[in-house]
């Protein structure tokens, strides 16, 4: 079994992100699609989308419910925002086909933030990197054919449902479960516990102790998914995007804990810290 590698700034400096063309403009940094949300939860796709831009994605598209669309468009003027079919306030089954079509023009997709649509994972097809979050995770696991490049970002409760275990057992067995699930599903798993474990299908395992308990706040996971998606859009492979993304998210939380206090900072405040956290890795 491969050893667990602790994520440090030095490790990341020796594993740099793909070089960007300084003259390439936004096109060279890829397009990120964030798909999810509901009529009553528009903030999740907003946080994920801005997180992706802060991580360096060149272009952003957000697909959400038609009722949430104008709210999201006003909150993220940098994005192209599209409205998808809805049933009782959630994305309808027909939304999955629309997302698949949009994804064909994108380098990375964040799927699921803020949505309870059980069938949303049916959208996950094609060669792009898929970052799968929230209610889309169990649907993704049930797909007969899964895309070759994907990152799942479960918290312990979501992992418990995915593995048919109690949450306490997930926390106790987190590193082994991350490895086992990554191998079983053929994708990267970022299991978000007090220590976050990132596992790849080939058995590689990383652990991150960056961050603090203040990150356990509404919307924080959406920001993380967006960071991972943004790094993937600009060229990082799924494992590198997840490892870098978890570290940057944690370090952003550490900065806010020192500046504002260990509890009470907001997920949207993390967004401002992402570029500096990335720049400190050299």
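List of remarks:
- Residue check, residue 183 under 28 Å from residue 8 (Cα atoms), without any contact (Cβ under 8 Å) to a residue 40 or more places away in the chain and either more than 17 Å from the chain's Cα centre (by Cα) or not in a strand (DSSP E or B) (or both): yes
- Every test in (1) surrounded by fewer than 18 Cβ atoms within 10 Å (Cβ to Cβ); (2) over 17 Å from the mean Cα position of the chain (by Cα); (3) under 24 Å from residue 240 (Cβ atoms) is passed by residue 148 save one, and that test is (2).
Residues checked against (1) surrounded by fewer than 17 Cβ atoms within 10 Å (Cβ to Cβ); (2) under 30 Å from residue 182 (Cβ atoms):
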{"position": "239", "(1), (2)": "no, yes"}
{"position": "244", "(1), (2)": "no, yes"}
{"position": "247", "(1), (2)": "no, yes"}
{"position": "265", "(1), (2)": "no, no"}
{"position": "275", "(1), (2)": "yes, yes"}
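- Evaluated against (1) more than 15 Å from residue 178 (Cα to Cα); (2) modelled with pLDDT of 95 or more; (3) in a loop (DSSP other than H, G, I, E, B); (4) touching a helix residue (DSSP H, G or I) at 6+ places or on another chain (Cβ under 9 Å), residue 130 falls short on exactly one condition, (3).
- For the stretch 245-256, the condition holds for no residue, the condition being that it is assigned to a loop (DSSP other than H, G, I, E, B) and closer than 26 Å to residue 136 by Cβ.
- Lone unmet requirement of (1) assigned to a loop (DSSP other than H, G, I, E, B); (2) under 30 Å from residue 5 (Cα atoms); (3) at pLDDT 95 or above for residue 143: (2)
One line per residue, one yes/no per condition, for (1) within 20 Å of residue 132 (Cβ to Cβ); (2) out of contact with any strand residue (DSSP E or B) (no Cβ under 6 Å at 6 or more places or on another chain); (3) in a loop (DSSP other than H, G, I, E, B):
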| site | (1), (2), (3) |
| --- | --- |
| 2 | no, yes, yes |
| 5 | no, no, no |
| 11 | no, yes, no |
| 17 | no, yes, yes |
| 20 | no, yes, yes |
| 24 | no, yes, yes |
| 27 | no, yes, no |
| 39 | no, no, yes |
| 46 | yes, yes, no |
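- Residue count for the stretch 108-124, restricted to those that are assigned to a loop (DSSP other than H, G, I, E, B) and buried (at least 23 other Cβ atoms within 10 Å of the Cβ): 6
- Subset of the stretch 157-174 [part of a loop (DSSP other than H, G, I, E, B) and either within 13 Å of residue 192 (Cα to Cα) or touching a strand residue (DSSP E or B) at 6+ places or on another chain (Cβ under 6 Å) (or both)]: 173
- Failed item, numbered, when residue 24 is tested on (1) in contact with a helix residue (DSSP H, G or I) (Cβ under 8 Å, 6 or more places away or on another chain); (2) surrounded by fewer than 22 Cβ atoms within 10 Å (Cβ to Cβ); (3) at pLDDT below 95: (1)
- Candidate set from the stretch 54-70 (those that are surrounded by fewer than 24 Cβ atoms within 10 Å (Cβ to Cβ) and touching a helix residue (DSSP H, G or I) at 6+ places or on another chain (Cβ under 8 Å)); member that is nearest to residue 93 (Cα to Cα): 61
- Criterion (under 21 Å from the mean Cα position of the chain (by Cα) and on the phi < 0 side of the Ramachandran plot) met by exactly one of 51, 37, 24, 74: 51
- Residues in the stretch 64-81 that are outside any loop (DSSP other than H, G, I, E, B), without any contact (Cβ under 8 Å) to a residue 24 or more places away in the chain and over 23 Å from residue 97 (Cα atoms): 74 only.
- Looking across the stretch 151-184 at every residue that is surrounded by 23 or more Cβ atoms within 10 Å (Cβ to Cβ) and touching a helix residue (DSSP H, G or I) at 6+ places or on another chain (Cβ under 9 Å), the one that is farthest from residue 131 (Cα to Cα) is identified as 170.
The values are calculated or read from the model by the stated rules, or taken from the named source; none is laboratory data. Because the structure is a prediction, the values reported are computed rather than measured. Positions of Cβ are backbone-derived with ideal geometry, glycine not excepted, and every protein chain shown enters the neighbour counts.
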